[in-house]
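A.B. asks: Here it is, the structure in full.
Bear in mind that the values in this text are calculations on the coordinates, not laboratory data. All of these numbers come straight from a predicted model, not from anything done at the bench. Every residue, glycine as well, gets a Cβ built from its backbone with ideal geometry; the counts of neighbours run over all protein chains shown.
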Amino acid sequence: MNYRIISWEEQTSLIRISQDYLYDKTIEKYMETLRRNPKQITEILVTENFVGNFPYVVLDGHHRLAAAYTSNRKAKIVIIQDPKEIENEHIKRRYNFAQIYVPISSGVELYSITDLLKYGEKK
């Protein structure tokens, strides 16, 4: 697996999202963790993207990404290139469709973390 560290500014231009909802309490939990551990870097699982201008799409870590972005923190993106590298079955299933799936919420196509924070369904 390859990885790279990206700034919070890059998170909106490099990473496409693959879900249409966020849980506010989960984001708050991750933001609190980041506040308590200032040197911690959030880890996000991504794979190559085939839709739009984003090189990567999130497989796992939408809430961690939202917390990092909202906190102006860096994120470590772990680039999955082969589904055999994934042990979690839920993430394996997402790998199979994430590259082509574009979530829609409130009639808006969601591409970036800022789209998800602004238009995504809040739970």
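A.B. asks: How much FRET efficiency would the formula 1/(1 + (r/R0)^6) give for Y3 and H90, where r is the Cβ-Cβ distance and R0 is 22 Å, rounded to 0.05?
C.D. replies: Between Y3 and H90 the formula returns 0.60.
A.B. asks: Out of (i) 43, 39, 25; (ii) 36, 35, 26; (iii) 54, 37, 25, which label holds the value of Cα extents along the principal axes in Å that was computed here?
C.D. replies: It is the value labelled (ii).
A.B. asks: Name the residues of the stretch 1-33 whose amide N is less than 15 Å from a point 7 angstrom out from the Cα of Q81 along the C-beta direction?
C.D. replies: Output list for this probe position: 1-4.
A.B. asks: Within 10 Å, at most 16 other Cβ atoms, and a DSSP state outside H, G, I, E, B define an exposed site. Report the longest part of the chain free of exposed GluC sites (Glu not before Pro).
C.D. replies: Value returned for the longest uninterrupted segment is 11-86.
A.B. asks: Here is a follow-up. GNM on the chain, C-alpha springs below 10 Å: top fluctuator among I17, I113, I86?
C.D. replies: The residue with the greatest mean-square fluctuation here is I86.
A.B. asks: Still on this structure, please answer the following. Taking the stretch 21-83, which trypsin sites (Lys or Arg not before Pro) meet the DSSP loop condition and have no more than 10 other C-beta atoms within 10 Å?
C.D. replies: K39
A.B. asks: Would you give the gap between the C-alpha center of the stretch 56-75 and the C-alpha center of the stretch 1-52, rounded to a whole Å?
C.D. replies: 1 Å
A.B. asks: Over the chain, what is the mean sequence separation of C-alpha contacts under 8 Å (at least six apart), divided by residue count, expressed as relative contact order in percent?
C.D. replies: Over the chain, the number comes to 40 percent.
A.B. asks: 5 Å is the cut-off here: which amide hydrogens, built 1.01 Å from N in the peptide plane, fall below it relative to Y3, excluding neighbours closer than 5 in sequence?
C.D. replies: Those qualifying (amide H under 5 Å, at least 5 residues apart or on another chain) are I79.
A.B. asks: Further question: Tell me the mean residue ellipticity at 222 nm calculated for the chain from its helices only (DSSP H runs of n ≥ 4, each -39500 (n - 2.57), averaged over every residue, nearest 500).
C.D. replies: Mean residue ellipticity, 222 nm, calculated: -9500 deg cm²/dmol.
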